[in-house]
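Okay, structure first, notes after.
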Amino acid sequence: MNAPELVLVLRYRKAVTYGLHVLLGALETHQTSTRYEVRFGASPEATAAHIRAASATARRVLVLWSFYSPDAEALSRELARIREMADAPNVVHVAGGVHATAEPVQTLDAGWDVAAVGEGETTLLRLVDAVGDPAGIPGLAYRNANGAVVRTGRPERRPLDEFRGVSLRWDRFNALEITRGCVFSCRFCQTPFMFSARFRHRSVANVRWHVDAMRQRGLRDVRFITPTALSYGAAGDEANLAAVEELLASCKEGIGPDGRVFFGSFPSEIRPEHVSREALRLVKRYCANNNIIVGAQSGSDRVLDAAKRGHGVEEVKRAVRLGVDEGFRINVDMIFGMPGERRSDVDDSLRLARELADLGARIHAHTFMPLPGTPWRDAPPGDVAPETISEVDRLSRRGALYGHWQKQRDHATRLAAAAEAYPRPGRSRTILPLADG
């Protein structure tokens, strides 16, 4: 058998597999004349071993990385370590995901050879067709022989139905992405600025195809990835319960009596203004989850307005009361240290957290991180005052609060330093609420 011309080595970290699975799903149905192989590097050592073996025989080795902004610094160190263990002129390290999309130059300077900008399916397929040569392929940034950054523009955005959301060939499954993009454009969120501020939905028929394939392989749990679960099927900011019911009914039928459907729980959430008795009863009728995630983010209407959340505090309270009344355990996302937050805003958030906890909700606490690609990219890192930490700790001790908010404080500091090192004069879209207004 002829040796492969191209070997794709996936730096396969269990914490971030979804993006790679989607790429594999697109690849397995793609017709190409390139002879290629796919190998999974589950550790730095395994990745280096694959690179050494492949670089000896293949024309080119593409090492594919996918990561979020908080992980970028640590993975840059890991990349350097892998290069020390295995490297060759025909090895190209390609970074993809939201961080590479938002900060391609920063990504190249951190050690990657190529940054994939935007949605990766069509970009990868063209790279495979070109045996890994990035020249002229939309959706990439790299340096030419003179060291100048070459940007090839964003790739075409395609309907979700055109690509599989899982990989049958390589037997890689995950929660299924049913919506890409988001019309709400919250100023702290990367999703609408990577995928555009509009919804693209996977059709019910296409979702059902995935569910049937899962059942045939003995999988029994169906979960979804979406920025706002009850927006499924919608074009604008209103929930589309008819579309949601069609989706859930089809999935429940497809996964069978021994299967389970989860909706509005991890890894998705529900906007508070979308919560209604009818919506909750839809979830109860078709789904197995007894918990729901509601995105509140702040207990201050002033901060919510500044963040362009599109709802107020009263909608959050109403959503939690309705959810508890319908028998759900409600998890409420809240972010501390938002840009321009006053002490009174923090007090409002803590007051809301206590009130919701008394109703039976759990608070999922976050620290604000100035994420690349967002309007608040250049904002200061989240600052959580000692008295706020004390109150958060009290809620945590009573089992009413959880989350990685402390680790996110460190991430926030590093992200702010990176933004300062790569200034964007005249391009910042940061709009902060007045601290003393």
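The values are calculated or read from the model by the stated rules, or taken from the named source; none is laboratory data. A quick note: this is a predicted structure, and the numbers were derived from the prediction, not measured. Virtual Cβ from ideal backbone geometry, glycine too; neighbours counted across all protein chains shown. Quick note on the areas: whole protein, heavy atoms, side chains included, nothing else; ligands and nucleic acids left out. Shrake-Rupley method; radii C 1.70, N 1.55, O 1.52, S 1.80 Å.
Which cross-chain or sequence-distant (5 or more) residues have an amide H under 5 Å from the amide H of ASN289, H modelled 1.01 Å from N in plane?
For ASN289, the qualifying residues are PHE263.
With the cut-off at 1.5 for a/c, could you classify the stretch 128-218 from its C-alpha gyration tensor as rounded, prolate or oblate?
oblate
Kirkwood hydrodynamic radius for the stretch 61-134: how many Å is it when counted over pairs of different Cα atoms?
12.5
Enter the angle in degrees (range 0 to 90, nearest 10) between the Cα long axis of helix 386-397 and the first principal axis of the Cα atoms of the chain, meaning the one along which they spread out most.
Tilt relative to the chain: about 90 degrees.
Please give the per residue volume of the convex hull enclosing the alpha carbon atoms of the stretch 1-154, rounded to a whole number of Å³.
Each residue corresponds to 105 Å³ of Cα convex hull volume.
Treating the beta-carbon of each Lys and Arg as +1 and of each Asp and Glu as -1, no other charges, what is the dipole magnitude of the chain about its Cα centre, to the nearest 20 debye?
620
Which of ALA242, MET214, TRP170 sits closest to the plus end of the dipole of the stretch 151-251, meaning its Cα is farthest towards the positive end, when Lys and Arg get +1 and Asp and Glu get -1 on the C-beta?
The one lying farthest along the dipole's positive direction is TRP170.
Leaving out ligands, DNA and RNA, and with a 1.4 Å probe, what % of the accessible surface on the chain is carbon or sulfur? Kindly include the intermediate steps, with their values, before the conclusion.
On the way: 9030 of 18410 Å².
Reported share for carbon and sulfur atoms: 49 percent.
Quick one: what are the phi-derived ³J(HN,Hα) couplings along the stretch 48-59, Karplus 6.51/-1.76/1.60 with θ = phi - 60°, whole Hz, x for glycine and proline?
Each residue's phi maps through the Karplus curve to give 5, 5, 5, 4, 4, 5, 6, 5, 6, 10, 7, 5 Hz.
Relative to the compact globular guide of 2.2 N^0.38 Å, what is the alpha carbon radius of gyration of the chain, as a ratio?
Normalised Rg, Cα atoms only: 1.01.
Suppose we keep just the DSSP beta bridges with both residues in the chain; what percent of those would be antiparallel, to 5? Walk me through the numbers on the way to the answer.
Details: 9 of 48 bridges.
Taking every DSSP beta bridge with both residues in the chain, the antiparallel ones total about 20 percent.
Step through the table entries LYS252/LYS308; LYS252/LYS407; LYS14/LYS252; LYS284/LYS407, compare each Cα-Cα distance with 32 Å, and write down the pairs that go over it. Intermediate values should be presented prior to the final figure.
Values: LYS252/LYS308 35 Å; LYS252/LYS407 38 Å; LYS14/LYS252 27 Å; LYS284/LYS407 34 Å.
Pairs exceeding the cut-off: LYS252/LYS308; LYS252/LYS407; LYS284/LYS407.
May I ask for the angle, rounded to the nearest 10°, between helix 343-359 and the longest principal axis of the chain, with both axes built from Cα atoms and the value confined to 0 to 90°?
Compared with the principal axis, the helix lies near 80 degrees.
So what's the Cα pair-distance distribution over the stretch 156-292, bin width 10 Å, in %?
Result, from short to long distances: 12, 45, 34, 9, 0 percent.
Kindly provide the pair-distance distribution of the stretch 21-69 built from C-alpha pairs, with 5 Å bins from 0 and whole-percent values in order of increasing distance.
Computed distribution, short to long bins: 4, 15, 26, 23, 20, 9, 2.
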